[in-house]
Amino acid sequence: MLYQDAKLRCHLVANSPQHWPAFEDMRELSDDVLFDEDTAVRVLKLKRRVLETGEPAKIEASVDDGGNRHWYAFSIEPDIDANGEVSGLFTTATDIDDVKYREQVLKTLLRELSHRSKNLLAIIQAIASQTARSSTSLDGFLVAFRGRLQSLSRSQDLVTDSDWRGAGFRELVEGQLGLYTDNSQKQIAISGVDAHLLPNAALHLGLALHELAVNAASRSALSSPDGRISIVAQVRKGENGEGMLHVDWNESFPQSDTTPPLPDINGFGSVVLERIVPQALSAKAKYQIDDGRVSYSLVIPSSQFEDG
C-alpha cells in the first residue's frame, strides 16, 4: 500500500514487493521511480483526477524489475478529511502476473487459431474449386466434395486431439482407409516407422490417402477381395544429409473384363497427388498406374514430421 498527500508526496509504503524501490526513494521521487515515463504520466493523470473529483479509480500497469516486468492492478482511493476535502490518496497494488500470463496465452492461441482456420479454409476452397472443375454433374460434385471434406475432417480430428501437435502416420492411414474395407487386415499391410506428422502434413497426406483409398475401393485393389495394398514409411537421408520421410503406396490386383476402368491419370485425384499435396509439403511425388498395379510415392522433408 502507498499513501500520498494532496501534493502526491509519499508518506507511507507498506507491504511492497521486494523489487520495488525503498521508501526513501519513493518519498523523494514518488511514482517516477516505479514506472516508465509513459506509464508514470498516465498514473499521475489518474491520481490528479481522483484528487479533483473524490472518485476512486483503477489502472493496470507494469513495473520493471531489472529487465523483468511485473503487472499490478492499482486501486486509487481518496482520503477524505472531516471537512469533506480530499487530503490524500491510498493506492493498493495487487499482483496480476498470472492474469496477464493467461491473457497472453489466450491471445497467442486465438492468433494461432485464426491462422490455422485461414489455412483450413484455403484448403477447402481449393478442394471445392478443383472438384467443381473435374465434375460433370452437380450430384457427382457433391459426392466427391463431401468425401474430401470428410477426409479433411478425420485428419483434423486427429490433429485437434493431439493439441495441434499433428498425427501419427499409422493412425492417419488407418483412419483414412478404414471406411473403405471390412477386410483391411488381409488386404492392407502398413509397415515402417510410425512418424509423427506435423499438422500441415497430416491434413495434406490425409487428402492424398483419401484419393488413393477412393480409387482403390472403386476401381483397383479394394474393389476385389484378392487385391492387396502395401503402405510403407521409411526415413532415409537425402542429398544434404537431411532425414526425409518416404511414403510408398503400392497396389496389386487381378484384372478381368469386368474390372472397372483404372483411375484417369489426368483426373482430379492425380492433381491432388502430384501437385496439391507435394506443393503444400515441399515434397516430391510420383504417381503411376499400370495394368494390375497402382503406385504412389511421396518424399516429405524433415520440416513436416518428427521421426517416430
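In the range 1-29, the residue that is surrounded by the fewest Cβ atoms within 10 Å (Cβ to Cβ) out of those that are more than 49 Å from the chain's Cα centre (by Cα) and at pLDDT below 75 is GLU24. Of the set (1) over 43 Å from the mean Cα position of the chain (by Cα); (2) closer than 22 Å to ALA14 by Cα, all apply to GLU52 but (2). Quick check, is PHE74 of a type outside the set (D, E, K, R), modelled with pLDDT under 90, under 19 Å from PHE90 (Cβ atoms) and in the same structural domain as TRP20 (by TED's automatic domain parsing)? So PHE74 fails the test. Selection of the range 55-78 for residues being farther than 22 Å from LEU12 by Cβ and not charged (D, E, K, R) yields SER62, GLY66, GLY67, ASN68, TRP71. Residue-level analysis places GLY192 outside the set of residues that are over 18 Å from PRO301 (Cα atoms) and touching a residue at least 24 places away in the same chain (Cβ under 8 Å). Contact annotation: no residue pair with Cβ atoms under 6 Å, 6 or more positions apart or on different chains, pairs a residue in the range 262-283 that is not assigned by TED's automatic domain parsing to the domain that holds ALA217 and crowded, with 18+ Cβ neighbours inside 10 Å with a partner that is of a type in the set (S, T, N, Q) and modelled with pLDDT of 85 or more.
Determine the pairs where a residue that is in contact (Cβ under 8 Å) with a residue 24 or more places away in the chain, located within the range 128-140, has a partner that is assigned to a loop (DSSP other than H, G, I, E, B) and surrounded by 10 or more Cβ atoms within 10 Å (Cβ to Cβ) with Cβ atoms under 7 Å apart, the partner being 6 or more residues away or on another chain. Close Cβ pairs (under 7 Å, with a partner that is assigned to a loop (DSSP other than H, G, I, E, B) and surrounded by 10 or more Cβ atoms within 10 Å (Cβ to Cβ)) amount to SER134/GLY267. The helices (runs of 4 or more DSSP H) located wholly in the range 136-253 that include 3 or more residues which are within 23 Å of LEU120 (Cα to Cα) and under 24 Å from the mean Cα position of the chain (by Cα) occupy 138-161, 169-177, 199-219.
So that you can scan it fast, the table gives a plain yes or no per residue for (1) surrounded by 15 or more Cβ atoms within 10 Å (Cβ to Cβ); (2) within 16 Å of LEU34 (Cβ to Cβ):
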position: THR53; (1), (2): no, no
position: ALA57; (1), (2): yes, no
position: ASN68; (1), (2): no, yes
position: PHE74; (1), (2): yes, yes
position: GLU77; (1), (2): yes, no
position: ILE80; (1), (2): no, no
position: ASN83; (1), (2): no, no
position: GLY88; (1), (2): yes, no
position: ILE96; (1), (2): yes, yes
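When we screen ASP81, ASP36, ASP32 for residues that are modelled with pLDDT under 90, under 22 Å from LEU12 (Cβ atoms) and of a type outside the set (S, T, N, Q), the only hit is ASP32. Residues in the range 186-218 that are more than 29 Å from ASP307 (Cβ to Cβ), surrounded by fewer than 19 Cβ atoms within 10 Å (Cβ to Cβ) and not small (Gly, Ala, Ser): LYS186 only.
The values are calculated or read from the model by the stated rules, or taken from the named source; none is laboratory data. Keep in mind it's a predicted model, so treat the numbers as computed, not measured. Glycine gets a Cβ as well: all are built from the backbone with ideal geometry, and neighbour counts include every protein chain shown.
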